[in-house]
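The values are calculated or read from the model by the stated rules, or taken from the named source; none is laboratory data. The structure presented is a predicted model; accordingly, all values stated were derived computationally and were not measured. A quick note on method: Cβ atoms are made from the backbone with ideal geometry, for glycine too, and the neighbour counts reach across all protein chains shown. When the accessible area is computed, the model is the full protein with side chains, heavy atoms only, and any ligands, DNA or RNA have been set aside. Shrake-Rupley method; radii C 1.70, N 1.55, O 1.52, S 1.80 Å.
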Amino acid sequence: MAIASESDSLRSEVETYIRRSLGLFKILLELHLDIAQREAAREQRRLLLGIVAASIGIGLLAMGTGLLQAIAVWWVHRLGLTWFVALASVAVGDTLLGLLALLIAVLTLRGGYMNETRRRVASTTATLLQDQD
């Protein structure tokens, strides 16, 4: 009888240990999921801003400013410059504005994605795979 009682006690302790370990694992996964969701939302906002900035930059470089360019060329020509020099100066201004918008886009879009989540998952994985001495 004493052996059966010890066996039941040992089984109960093992079950408790397994239940607690699984509970801890569940909490750890929920923590990682929460961090990943917050970081994904942050990354989504950053990517959206970068795409908008890139669209503006590409639009300025590809299409210019249409009527505003024509008015600018006319105005520069009225300052006494030839038509060619007036066209060239407006083109340089448009190019600089477009490059500035693209620079903003590149700076916004560069860098790693979901860095905090990747770092925490790697740390947790390394901890779980460590040899137990």
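Data table
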read-out: FRET efficiency, Leu96 to Glu43 (Cβ-Cβ, R0 30 Å, nearest 0.05); value: 0.50
read-out: Helical segments meeting 27 Å axial Cα length and Kyte-Doolittle -0.5 threshold in the chain (DSSP H); value: 2-63, 83-109
read-out: Per-selection metrics, the chain (Cα): Rg and Dmax in Å; value: 31.4, 112
read-out: Residues of the chain: accessible area per residue with a 1.4 Å probe, Å²; value: 79 Å²
read-out: Most mobile of Leu60, Leu28, Leu81 in a GNM of the chain (Cα contacts under 10 Å); value: Leu81
read-out: Apportionment of accessible area to carbon and sulfur, the chain, percent (1.4 Å); value: 69 percent
